[in-house]
Structures are given as C-alpha cells and as structure tokens.
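Peer 1: Pasting a structure below so you can have a look.
The values are calculated or read from the model by the stated rules, or taken from the named source; none is laboratory data. Note that this is a predicted model, so its numbers are computed, not measured. Positions of Cβ are backbone-derived with ideal geometry, glycine not excepted, and every protein chain shown enters the neighbour counts. The accessibility values were calculated without ligands, DNA or RNA, using every heavy atom of the protein model including side chains. Shrake-Rupley method; radii C 1.70, N 1.55, O 1.52, S 1.80 Å.
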Amino acid sequence: MTNRLDTQKIVQALQSVLPQGTPISLHEPSFQGNEWAYVKECLDTGWVSSVGKFVDRFESQLAEYTGAKRAVAVVNGTAALHMGLLLVGVKPGDEVIVPALTFVATPNAVTYCGAIPHFADSEERTLGLDPARLGTYLGEVGDLRAEGCFNRRTGRRIKAVIPMHTFGHPVDMDPLMTLCERFKLDVVEDAAESLGSFYKGKHTGNHGRLAALSFNGNKTITTGGGGAILTNDEELGMLAKHLTTTARVQHQWSFVHDRVGYNYRLPNINAALGCAQMEQLPLFLEQKRAMAERYQEAFDDLHGIRFFTEPGSSRSNYWLNALVLDTRHRDSRDELLELTNRLGITTRPAWTLMHRLPMFSTCPRMDLTVAEDLEQRLINIPSSACLGAPHATA
Ligand SMILES: *Cc1c(COP(=O)(O)O)cnc(C)c1O
C-alpha cells in the first residue's frame, strides 16, 4: 500500500549508515586531542577555578574562529543568553520574541530578566523563525513609536528577538535583520547549537548585537558545561566580561564591585577542555558533514520521509541530524521512535513546543501552525562526530 509508511525500510536505511551491534546514543562527546594534557596542567598548577590562561586562550580561539570581535566564556549557554538580553537592555515587563520551536533555555533566559516570551512561528525551510510571517504579524500587533515597538494587545514594549539556529541550521538572517531594524528590535542570537554554522559566509552569532553559544556535553564541542557570549561591539564585550565576573573593578588587591554582577565565569579547568576541543573543531565538522551526506544518500529514494539538509546560502554544522516525515505520515512518528529505540538506535522527537509548557502557556503568541506541524514530524537521529569517522563505516 502506497499510503502506509514503510517503517522497516526507514530502520534499514538508518542501520545502513550506523555501526552495528552496539547501542548508539544521540550525541556523544569525543576527546581525542589535548584534553588530558590541558586538564592535567590545570591540576598540576592549581589553576582550576575562576582565573587562568585557558580562559583567555579559549576566548581568543572562539573569537578567531567565529570572526566575532569578542568572545566571553561563561558557565553555560543559558547564562550567556541571560547576559545577552540584559546587555541589550531588556527590562522587566518587556516582551521578547522567541520561536516556539526551541529548547526551554531560550524562553527561560527571557523570564530571568523579568520579561515575557512572545512566541513566533518557524519556517519549514530553515526550522527557524519565519521573517516573512513575523513581519506580517508585527504589522498587525506592533505599534511603532519613537521609544520602540509596543504590543497593541498587551501594551508592553517588544524589545528584542531571539532567532535560534535549530539543530545548527542557520535562520534566514538577512530578511530578519531588515525586519528588526524596521521595528526597532534588538537581536540576540541563540547560537547554542550552531558553532561551525555559517549564513552567507558569515559565522552565526555575528548578525545580531550579541549571541550565545553553548558547550554542554551534547553540543558540537564541549567543556563539560559552558557557554560564551559573542559580540562585535567592543564596549558591550567589555561590559559582558565585567558583568559575568562579579563586576569587580580591576585592582591588584582591593575588592570593589561597581554594580550587581553575576558569577557566570567559566572555570579554567572547563576552558582547558574547550581549548583542546576547539583544536579539533574542523575535524568534528568534517566528520559531521560526512555523516550527514551518508544519511542523505540513504534516505534519498525513500518515500514519505526525508533527511533535513542545510538551507540554501547556509553552511550548517549538522549538529543534530533530523528526519522530517511527510505531513500525511505524522502519525507514524511514535512507531518509528519505538522501533529505533528498541533496537538501540537513540532517536527522539523535537522539543515539546514552548507554549505548551505550563509556565509559558499564557504568554502572547502568533499563529504557530508551522511549528505545531513540524513538532509532530521531526525525528532526531544519531549525530556524534565519531560516527562520521572513516573507521565507523558500516
Ligand atoms: C543547549 C542550548 C542552550 C543552552 O544550554 P546550556 O545547557 O545552558 O549550555 C540554549 N538554547 C538552545 C536552543 C540549546 O540547544
């Protein structure tokens, strides 16, 4: 029957590119470089905590690789987002536009500022914010005044937008930036998943005023836990460093803090891991791309499902690979999840959309038809860099 999805064929396609005989996780870290040496150096010298040379080196490596003027290493990606929002001036009672299709950290960071997440829809081509539909929506609800954009329905100021580069695939930033300029909205990119992803030749995180990266254990590179703020604004970069290091005024021995700061700095021992991981980033990206190409080939002539590939004018890091079921087959998603996980192939659905979570259920939102449709059709499949290494060929 052509109407039924051939789930066995899909499982076979997965098995054809994955190593056999061992359980396969969704994304695991790889430590094949100088991790042991750098961490040992921290332990041997006692420089494990809040200052040390690896923090400075890691920040330089990140700035150099991404092309951002400044990178500030912090404890995790959520803290980086929180700080980014504070630095663009998000205030209690403001609204911040975030995609409904994202990880909970995005709206959580908005809430930490006392602000309210305002959920926007995604487009199928990028899995990220849809600039065209957001533009139409803001045309309806946005009241543009000298002081900024206000929500006609709630009376609150809409201060900023957080585009999130889903699974590493870049949002269509050019039209989004044009839109945000028109509506006087600051852009803080959630680039937590997109280290190594470029939009029109420019690394993600360089388009907005600030961006957040994450180095959690499941990301493209990891520091155990960690994150970074990226910016091309020197002054904001200095302020980011100051605010994330308890706002202590530089002095050899006195302890003076000139405002309420945050203890968000990345410990040197974590940065040591980060330095070693950055050295291997080009290799990880090559392996991830090789794996994506194998998946693409394996799913090329299957019906009812496709492998999600990078949107045009972007080069994606393929952080987390995804399959997209045709709309008519969305009821087969759970069957596929069951089948694969039972075989030891870890797969999972996309995040439950943010407006369905109890703490965000009353937040303002636009029509979320596309995100709601995608939510039921996306399946993430194993994506560790090591799977793309030549020896892992099935
Ligand atoms: C990983 C991630 C973050 C940040 O996570 P941390 O665990 O705090 O480093 C933020 N947003 C998205 C979309 C993420 O995937």
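Peer 1: Can you report the number of residues in the range 142-175 which are aliphatic (A, V, I, L, M), touching a strand residue (DSSP E or B) at 6+ places or on another chain (Cβ under 6 Å) and in contact (Cβ under 8 Å) with a residue 40 or more places away in the chain?
Peer 2: 6
Peer 1: Taking the range 276-321 only, how many residues are closer than 14 Å to Gly196 by Cβ and among the basic types (Lys, Arg)?
Peer 2: 3
Peer 1: A follow-up question, please. Looking at Glu235, is it assigned by TED's automatic domain parsing to the domain that holds Ala120, at pLDDT 95 or above and surrounded by fewer than 24 Cβ atoms within 10 Å (Cβ to Cβ)?
Peer 2: Yes, satisfied.
Peer 1: Scanning for something within 20 Å of Asp331 (Cα to Cα) and modelled with pLDDT of 95 or more, does the range 14-28 turn up at least one residue?
Peer 2: yes
Peer 1: Sort out which residues of the range 213-229 are open to solvent by less than 10 Å² (accessible area, probe 1.4 Å) and more than 9 Å from the ligand (Cβ to nearest atom), and write them in order of number.
Peer 2: Within the range 213-229, Ile221, Thr222, Thr223, Ala228, Ile229 qualify.
Peer 1: Also, I was wondering about something else. Within the range 190-203, track down each residue that is within 12 Å of the ligand (Cβ to nearest atom) and in contact (Cβ under 8 Å) with a residue 40 or more places away in the chain.
Peer 2: Listed by number, the residues that qualify are Asp190, Ala192, Glu193, Ser194, Leu195.
Peer 1: Which numbered condition in (1) touching a Gly at 6+ places or on another chain (Cβ under 8 Å); (2) surrounded by 14 or more Cβ atoms within 10 Å (Cβ to Cβ) is the only one that Gly67 fails?
Peer 2: (1)
Peer 1: Among the numbered conditions (1) at negative phi; (2) crowded, with 20+ Cβ neighbours inside 10 Å, tell me where Trp36 comes up short.
Peer 2: With (1) at negative phi; (2) crowded, with 20+ Cβ neighbours inside 10 Å applied to Trp36, the lone miss is (2).
Peer 1: Just a yes or no: is a residue in the range 87-103 over 22 Å from the mean Cα position of the chain (by Cα) and open to solvent by 40 Å² or more (accessible area, probe 1.4 Å)?
Peer 2: yes
Peer 1: For the range 40-54, check the following and say yes or no: at least one residue is open to solvent by less than 20 Å² (accessible area, probe 1.4 Å) and within 16 Å of the ligand (Cβ to nearest atom).
Peer 2: No, the range 40-54 contains no residue that is open to solvent by less than 20 Å² (accessible area, probe 1.4 Å) and within 16 Å of the ligand (Cβ to nearest atom).
Peer 1: Sort through Thr352, Thr340 and tell me the only one that's at pLDDT 95 or above, polar (S, T, N, Q) and not in a helix (DSSP H, G or I).
Peer 2: Thr352
Peer 1: It is to be established whether one or more residues within the range 153-164 are on the phi > 0 side of the Ramachandran plot, open to solvent by less than 10 Å² (accessible area, probe 1.4 Å) and within 16 Å of the ligand (Cβ to nearest atom).
Peer 2: No - not one qualifying residue is present in the range 153-164.
Peer 1: Among the numbered criteria (1) in contact (Cβ under 8 Å) with a residue 40 or more places away in the chain; (2) of a type in the set (Ser, Thr, Tyr); (3) over 22 Å from Tyr65 (Cα atoms), which one does Ser254 miss?
Peer 2: Result: Ser254 fails condition (1) only.
Peer 1: Mind counting the residues in the range 374-393 that are touching a residue at least 60 places away in the same chain (Cβ under 8 Å) and either among the acidic types (Asp, Glu) or assigned to a loop (DSSP other than H, G, I, E, B) (or both)?
Peer 2: 5
Peer 1: Under 7 Å between Cβ atoms, at least 6 apart or on separate chains: pull out the pairs that start in the range 26-44 with a residue that is more than 30 Å from Leu337 (Cβ to Cβ) and end on any residue that is open to solvent by 60 Å² or more (accessible area, probe 1.4 Å).
Peer 2: Gly33/Glu279; Asn34/Glu279
Peer 1: Is there a residue in the range 290-299 that is touching a strand residue (DSSP E or B) at 6+ places or on another chain (Cβ under 6 Å), in contact (Cβ under 8 Å) with a residue 40 or more places away in the chain and farther than 26 Å from Asn380 by Cβ?
Peer 2: no
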